[in-house]
Amino acid sequence: MNAPSASSFSFEPAFLVLAAAAVYGYVRLAKTVERPSRGRATLFVLGALLIAASLNSPLETIAVHYLLVVHLLQNVMVADWAPPLLVLGLTAAMRAAVAARGGRALAVFTRPRVALPLWLAVWYGVHLPVFYDYALRHPWLLNIEHAALILAGLVFWWPVFSNDPHRLSTAVRLAYLGAAYAGSAFLSLALIFSARAFYGFYEAAPRLWGLSPQKDQNLGGILMNAEQMAVFFVALSYFLLRLLSEEEDSQRALEGR
């Protein structure tokens, strides 16, 4: 079968439904629990749009027919960009309502000692060549791959933005984020520096923009490494500044006694 035009649209309809359901649920929470600020609502809708648009657009066509770098772009959009935006879009009361409905399962999976290994396991697991190549040839498994990345991302970022300081101190959040960045970086480094292509599917795929399979993979690794560096730099910087502020407040309190 000939590959479709790179500018044509391809779809993963399940994620259109998922994004719409997420926005509907958010509106329900806004009406029944707490009205969010315009900024929080914007963040949540942007997170939902990233999921829907990345998997239902020409990006999907290029990812599943031509280039690894675009597939990796999709993966970071649904795994590293959308989840923190969705979590940040929830107010404290909304998060409490979601946690209550999620019950013990949500409480267990969002514990840092569970969330971090789970996130890393999914991140590396879905990018194993044997899984990745098979998923690209079987759309149902590709849907599972993307769903796993979204869920793992939500589980990972949930404790980072927890409003309960007793659950995760600022210092522990810094350590958690630092461990996540260091632990996840090996995949992008392997893609950048490997002298051979890992994925047979893309070795056999038609080429775009003059990229060989190896250069396609190297560029994908650079993209992945750069975006993770940016995401984690922002998060680490925020919590570092917050830690310094907390220490200053504690020092002032001690001096005022």
Legend entry - Listed residue (94, 67, 82) projecting farthest to the positive dipole end of region 1-95, Cβ model: 94
Legend entry - ³J(HN,Hα) computed for each position of region 175-187 - Karplus, 6.51 cos²θ - 1.76 cosθ + 1.60, integer Hz, glycine/proline x: 5, 4, 5, x, 5, 5, 5, 5, x, 8, 5, 5, 5
Inset, instruction - Starting from the residue with the highest accessible area, list 131, 109, 9, 232 in decreasing order, probe 1.4 Å. - result: 9, 109, 131, 232
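Starting from the Cα gyration tensor of region 177-249, take the square roots of the eigenvalues, sort them a ≥ b ≥ c, and report rounded, prolate or oblate (rounded when a/c is under 1.5, otherwise prolate if a/b is larger than b/c, else oblate).
On the way: a/c = 5.12, a/b = 3.31, b/c = 1.55.
Here region 177-249 falls in the prolate category.
So with the 1.4 Å probe, I'd like the accessible area per residue for region 200-257, rounded to whole Å².
Heavy-atom SASA per residue in region 200-257 reads 64 Å².
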Legend entry - Magnitude of the charge dipole, region 71-167, Cβ model with Lys/Arg +1 and Asp/Glu -1, debye to 20: 380 debye
Legend entry - Under the Karplus curve 6.51 cos²θ - 1.76 cosθ + 1.60, θ = phi - 60°, whole-Hz ³J(HN,Hα) for region 101-114, x wherever Gly or Pro sits: 6, x, x, 5, 4, 5, 4, 6, 5, 9, 5, x, 6, 9
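Quick one: dipole size for the chain, taken about the Cα centre, charges +1 on Lys/Arg Cβ and -1 on Asp/Glu Cβ, in debye to the nearest 20.
Details: 19 positive and 15 negative charges, 135 e Å.
I would put it at about 640 debye.
Per residue, what accessible area does region 35-82 have, given a 1.4 Å probe and all protein chains present, in Å²?
Numbers: 1600 Å² over 48 residues.
Heavy-atom SASA per residue in region 35-82 reads 33 Å².
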Inset, instruction - Would you mind checking the radius of gyration and Dmax of region 153-196 based on alpha-carbon positions, in Å? - result: 14.3, 47
Legend entry - For the chain, built as a Gaussian network whose Cα springs stay under 10 Å, the top-fluctuating residue of 138, 65, 146: 138
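For the chain, calculate the relative contact order in percent as a whole number, restricting contacts to Cα pairs under 8 Å that are 6 or more residues apart.
Working: 283 pairs, mean separation 55.4, N = 257.
Relative contact order for the chain comes out at 22 percent.
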Legend entry - Signed unit charges on C-beta, dipole axis of the chain, positive-most listed residue 129, 41, 220: 41
Legend entry - Cα-Cα separations in region 111-257 greater than 27 Å, expressed as whole percent: 36 percent
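Determine one quarter of the surface area of the Cα convex hull of region 34-120, which equals its mean projected area, and express it in nm² to one decimal.
Working: hull surface 27.2 nm².
Projected area, direction-averaged: 6.8 nm².
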Inset, instruction - Please report, to two decimal places, log10 I(q)/I(0) for region 70-198 at q = 0.15, 0.16 Å⁻¹ as given by the Debye formula with identical point scatterers on the Cα atoms and no solvent. - result: -0.76, -0.85
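Could you state, as a whole-number percent, how many of the C-alpha pairs of region 115-161 are farther apart than 14 Å?
Working: 528 of 1081 pairs.
In whole percent, the long-distance tail amounts to 49.
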Legend entry - Kirkwood Rh (inverse of mean 1/r, distinct Cα pairs), region 1-80, angstrom: 13.8 Å
Legend entry - Surface share of carbon and sulfur [accessible, 1.4 angstrom probe, percent] for the chain: 69 percent
Inset, instruction - Please report how far the C-alpha centroid of region 85-157 lies from that of region 206-257, rounded to the nearest whole angstrom. - result: 19 Å
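As a test of reading the structure, rank 5, 10 by solvent-accessible area (1.4 Å probe, protein chains only), most first.
Putting 5, 10 in descending order of accessible area: 5, 10.
Could you work out [θ]222 nm for the chain from helices alone, using -39500 (n - 2.57) per DSSP H run of at least four and dividing by all its residues? Round to the nearest 500 deg cm²/dmol. Walk me through the numbers on the way to the answer.
On the way: 12 runs with 196 residues, N = 257.
So the helix-based figure for the chain works out to -25500 deg cm²/dmol.
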Inset, instruction - Please give the per residue accessible area of region 94-163, computed with a probe of 1.4 Å over protein heavy atoms only, in Å². - result: 46 Å²
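How big is the Kirkwood radius of region 138-217, worked out from every pair of different alpha carbons and given in Å to one decimal?
Working: mean 1/r = 0.0629 Å⁻¹.
Roughly 15.9 Å, rounded to one decimal.
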Inset, instruction - Calculate the tail of P(r) for the chain: the fraction of all Cα-Cα distances greater than 28 Å, expressed in %. - result: 39 percent
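The values are calculated or read from the model by the stated rules, or taken from the named source; none is laboratory data. Since the model is a prediction, treat every value here as computed from it, not as a measurement. Cβ coordinates were reconstructed from backbone atoms using ideal geometry, including for glycine residues, and neighbour counts include every protein chain displayed. With ligands, DNA and RNA removed, areas are computed over all heavy atoms of the protein, side chains included. Shrake-Rupley method; radii C 1.70, N 1.55, O 1.52, S 1.80 Å.
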